[in-house]
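The values are calculated or read from the model by the stated rules, or taken from the named source; none is laboratory data. Source: prediction; values computed, not measured. Cβ placement follows ideal geometry from the backbone for every residue including glycine, while neighbour counts extend to all protein chains displayed.
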Amino acid sequence: MKNDAMKTLFVAAILCVACSILVSGAAVLLKPAQEANKVLDVKKNLLLASGLIEEPVTPEEINQAYTQIQAEVIELETGEPTDIEAATFSQEKASKDPEMNKVIDPKADIAGIKVRSKYAPAYKYLKDGSLEMLVLPIKGKGLWSTLYGFLALDKDLRTVRGLGFYAHGETPGLGGEIDNPKWKAIWKGKKAFDENFDDVKITVVKGAVDSSDPKSEYKVDGLSGATITSNGVTFLVQYWLGDDGFGPYLARLRSQQDLTDSADPSSEETQEQ
Ligand SMILES: Cc1cc2nc3c(=O)[nH]c(=O)nc-3n(C[C@H](O)[C@H](O)[C@H](O)COP(=O)(O)O)c2cc1C
């Protein structure tokens, strides 16, 4: 009897050890594949937000489309590029590292994220070597959750080319309508800034935008029954395009474009005509 109990315990112990070796072995073996999938997912989401690919899409198509993207990690405060490797940089990890993060002044924290990384990736879509579109990571609070996404700006750095969220916990049918392709399509062509780039102008309004409103180009229809999520989207877009977000970087890109334009004799000819 005593012998039987010992045998059972022995078999149970062997099983436990074997199972734990199997589980931890699988976790270690699968880690590289999981990391690769995460990287692929970021690429896919930024390409979807910018309209460079459409679902359904294969990993090969994602990687092929991504060859047109040039990523750089910038310092948000100065807008200057850094030598941080974009391929391995994680904004989320950096936002948890006291050396790499910044506690946001509560008055400036309209996106409700409290803390952010000092550095952020920016993705340039280049055509014949010049900037065609800029895709920026954005995040902020909705009603129930933090929304993570990308905003794509045209080369003029004020026209929206696309917006998309790849992670959030808003209610399907209400705040979850931020994923509705029809709503996302409304963003395309809207202006984030006015001609002088004074302030971020774009807002999600309550209800439908009146097309006769002279300011309609800065306004996006609100999601019905989901004003809190809609407002969250306004605030997070305004935060990330503003002075505490990518504002200094956008200003730097604009001044670079001005320099190129004034150095380009063909642009002078065009102006003289
Ligand atoms: C179960 C439940 C889930 C809700 N989910 C959301 C949501 O995801 N986003 C949101 O803005 N409002 C959500 N609401 C509604 C908000 O409480 C609030 O009433 C709404 O944002 C107001 O928008 P409206 O003025 O367009 O009706 C939810 C309400 C309930 C009862």
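Of the set (1) surrounded by 12 or more Cβ atoms within 10 Å (Cβ to Cβ); (2) within 17 Å of the chain's Cα centre (by Cα), all apply to residue 78 but (2).
Of all residues in the stretch 212-233, none satisfies being at pLDDT 95 or above, within 19 Å of the chain's Cα centre (by Cα), within 23 Å of residue 110 (Cβ to Cβ) and of a type in the set (Phe, Trp, Tyr). Restricting 75, 61 to residues that are assigned by TED's automatic domain parsing to the domain that holds residue 253 and not aromatic (Phe, Trp, Tyr) narrows the list to 75. Looking at the stretch 230-243, is at least one residue under 21 Å from residue 82 (Cβ atoms), assigned by TED's automatic domain parsing to the domain that holds residue 195 and out of contact with any strand residue (DSSP E or B) (no Cβ under 7 Å at 6 or more places or on another chain)? Looking through the stretch 230-243, at least one residue is under 21 Å from residue 82 (Cβ atoms), assigned by TED's automatic domain parsing to the domain that holds residue 195 and out of contact with any strand residue (DSSP E or B) (no Cβ under 7 Å at 6 or more places or on another chain). In the stretch 145-193, what residues are of a type in the set (Ser, Thr, Tyr) and within 22 Å of residue 247 (Cβ to Cβ)? Across the stretch 145-193, the qualifying residues are 146, 148, 159. If the condition is being within 12 Å of the ligand (Cβ to nearest atom) and in a loop (DSSP other than H, G, I, E, B), then the stretch 140-168 contributes 142, 143, 144, 145, 168.
Yes/no per residue for (1) of a type outside the set (A, V, I, L, M, F, W, C); (2) in contact with a Ser or Thr (Cβ under 9 Å, 6 or more places away or on another chain); (3) modelled with pLDDT under 95:
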{"residue": "9", "(1), (2), (3)": "no, no, yes"}
{"residue": "14", "(1), (2), (3)": "no, no, yes"}
{"residue": "31", "(1), (2), (3)": "yes, no, yes"}
{"residue": "34", "(1), (2), (3)": "yes, no, yes"}
{"residue": "79", "(1), (2), (3)": "yes, no, no"}
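Restricting attention to the stretch 108-135, which residues are within 16 Å of residue 237 (Cα to Cα) and without any contact (Cβ under 8 Å) to a residue 12 or more places away in the chain? Hit for the stretch 108-135 is 114, nothing else. Against the conditions (1) surrounded by 22 or more Cβ atoms within 10 Å (Cβ to Cβ); (2) touching a His at 6+ places or on another chain (Cβ under 9 Å), residue 152 satisfies every one except (2). For the stretch 114-136, a residue qualifies if it is more than 23 Å from residue 53 (Cα to Cα) and either more than 16 Å from the chain's Cα centre (by Cα) or surrounded by fewer than 16 Cβ atoms within 10 Å (Cβ to Cβ) (or both), and the qualifying residues are 114, 115.
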